[in-house]
Amino acid sequence: MFEDFNEVICLGMGGTYSEIAKDKLFKAYDLFLYQRSLNGIKECIDYVDENSNAIAVLPVETTYKGIIRETIDNLIATKNLNVKILAETIIPVNDCILSKTTEFYSITGLISNPNALAKCKTFIKEEMPRQLNVVIAENMDESARMLNNYNLTYSIIGTTKTAELYNLNILREHIEDFKLNNRRFIVIGDGDTKPTGHDKTSIVLFLQDRQGALLDIVQVFVKYHINITQINSKMVNNNMDEQAVFIDFDGHKDDEIYKDLMSDLTSLCKGARFIGSYASF
């Protein structure tokens with residue numbers, strides 16, 4: 001499935017969870033592609049939209065915050081309609097205190113970006129020194145690089161991948177406030193997948209402005225005994241009267257029932273777009 005690609009795009013660098021998901025993908029499919037790191041979700045999707053030889057590994061959902069709208073919104077807006085989800089995986093969140101020193105209780109400073117600080121505020125407040133000197137960095141990669149400008153008593157918030165990349169010691173693991181937080185990542189690209197027997201399909205439906213429109217959609221899935229695993233809606237173009245519904249359901253587009261399902265669904269909608277049929281890795 002991925003043999004026609006020669007480049008993988010990751011969101012951020014320095015040991016981000018996108019890179020961790022990429023490593024898992026490489027291991028599952030025995031891949032080795034050139035890695036390019038970009039700083040924004042839209043930037044990553046635009047790159048894949050313009051380069052059919054590239055795939056991107058992007059976050060699409062978190063346990064704590066739910067669906068990442070920026071990923072879905074930009075995915076369905078690609079000019080290349082063949083760009084779709086090719087695979088997905090779940091990565092457990094494990095934020096760590098990393099440092100060049102091996103002594104946690106010698107730490108006097110912490111370098112991190114505001115988002116990581118917010119996720120780990122309880123640990124920082126209760127476990128780290130009260131007089132902790134906090135230095136703000138733009139991202140995880142910058143945090144790791146900035147360590148070279150400070151003495152051994154400084155630390156950063158990073159991942160086990162960050163520790164590996166920058167040869168840092170892991171002083172504490174799972175410092176995030178929400179311990180059971182996972183992130184779902186998708187791999188997108190201009191490609192096709194074959195059924196595996198344990199697939200999921202994603203579509204977006206643009207609803208008609210009428211009472212009961214969403215209920216009618218759900219009843220189509222009931223009619224075909226198809227399990228909906230997730231459903232989310234959003235306004236289109238900030239117009240309350242225009243709604244798009246994102247639906248994940250069990251099965252693959254090559255299943256015999258899919259054609260009949262989509263025929264019934266599209267008869268009830270203004271439009272539809274297939275976003276991908278894929279398995280987990």
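For Glu138, are the conditions met, namely being farther than 30 Å from Phe2 by Cβ, of a type in the set (Asp, Glu) and outside the structural domain of Lys24 (by TED's automatic domain parsing)? Judged against the criteria, Glu138 is a match. For region 195-216, residues that are in contact with a Cys (Cβ under 7 Å, 6 or more places away or on another chain) and within 11 Å of Phe249 (Cα to Cα) total 0.
Examine region 12-22 for a residue that is polar (S, T, N, Q) and part of a helix (DSSP H, G or I), and state whether such a residue exists. Checked against the condition, which is being polar (S, T, N, Q) and part of a helix (DSSP H, G or I), region 12-22 yields at least one hit. Screening region 186-205 for residues that are within 17 Å of Pro59 (Cα to Cα) and aliphatic (A, V, I, L, M) and picking the one that is surrounded by the fewest Cβ atoms within 10 Å (Cβ to Cβ) gives Ile186.
Selection of region 130-189 for residues being touching an Asp or Glu at 6+ places or on another chain (Cβ under 9 Å), under 30 Å from Asp248 (Cα atoms) and among the β-branched types (Val, Ile, Thr) yields Thr159, Ile186, Val187.
Evaluating Lys200 against the criteria (1) in contact with an Asp or Glu (Cβ under 9 Å, 6 or more places away or on another chain); (2) under 21 Å from Ala77 (Cβ atoms) leaves one unmet condition, (2). The residue pairs whose first member lies in region 175-189 and is modelled with pLDDT under 90, whose second member is part of a loop (DSSP other than H, G, I, E, B), and whose beta carbons are closer than 8 Å, counting only pairs six or more residues apart or on different chains, are Leu180/Thr63.
Scanning region 39-67 for residues that are surrounded by fewer than 19 Cβ atoms within 10 Å (Cβ to Cβ) and either modelled with pLDDT of 95 or more or not β-branched (Val, Ile, Thr) (or both) yields a total of 13.
Applying the selection to region 1-38, what residues are polar (S, T, N, Q) and either under 18 Å from Lys161 (Cβ atoms) or surrounded by 15 or more Cβ atoms within 10 Å (Cβ to Cβ) (or both)?
Selection gives Thr16, Ser18, Gln35, Ser37.
Residues in region 247-281 that are among the hydroxyl-bearing types (Ser, Thr, Tyr) and surrounded by fewer than 17 Cβ atoms within 10 Å (Cβ to Cβ): Ser263, Thr266, Ser267, Ser280. Would you confirm whether any residue within region 136-151 is surrounded by 15 or more Cβ atoms within 10 Å (Cβ to Cβ) and β-branched (Val, Ile, Thr)? The answer is no, given that none of the residues of region 136-151 is surrounded by 15 or more Cβ atoms within 10 Å (Cβ to Cβ) and β-branched (Val, Ile, Thr).
Of the residues making up region 93-129, those that are more than 20 Å from the chain's Cα centre (by Cα), closer than 24 Å to Asn149 by Cβ, of a type outside the set (Asp, Glu) and loosely packed, with under 13 Cβ neighbours inside 10 Å are Thr102, Tyr105. Can you confirm whether Ile111 is in contact with a helix residue (DSSP H, G or I) (Cβ under 6 Å, 6 or more places away or on another chain), closer than 26 Å to Asp199 by Cβ and not hydroxyl-bearing (Ser, Thr, Tyr)? When the stated conditions are applied, Ile111 does not pass them. For region 118-142, the set of residues classified as over 15 Å from His174 (Cα atoms) and either touching a strand residue (DSSP E or B) at 6+ places or on another chain (Cβ under 7 Å) or outside any helix (DSSP H, G or I) (or both) consists of Pro129, Arg130, Gln131, Leu132, Asn133, Val134, Val135, Ile136, Ala137, Glu138, Asn139, Met140, listed by residue number.
The values are calculated or read from the model by the stated rules, or taken from the named source; none is laboratory data. This is a predicted model, so every value here is computed, not measured. Counting neighbours? That spans all protein chains shown, and the Cβs are built from the backbone with ideal geometry, glycine included.
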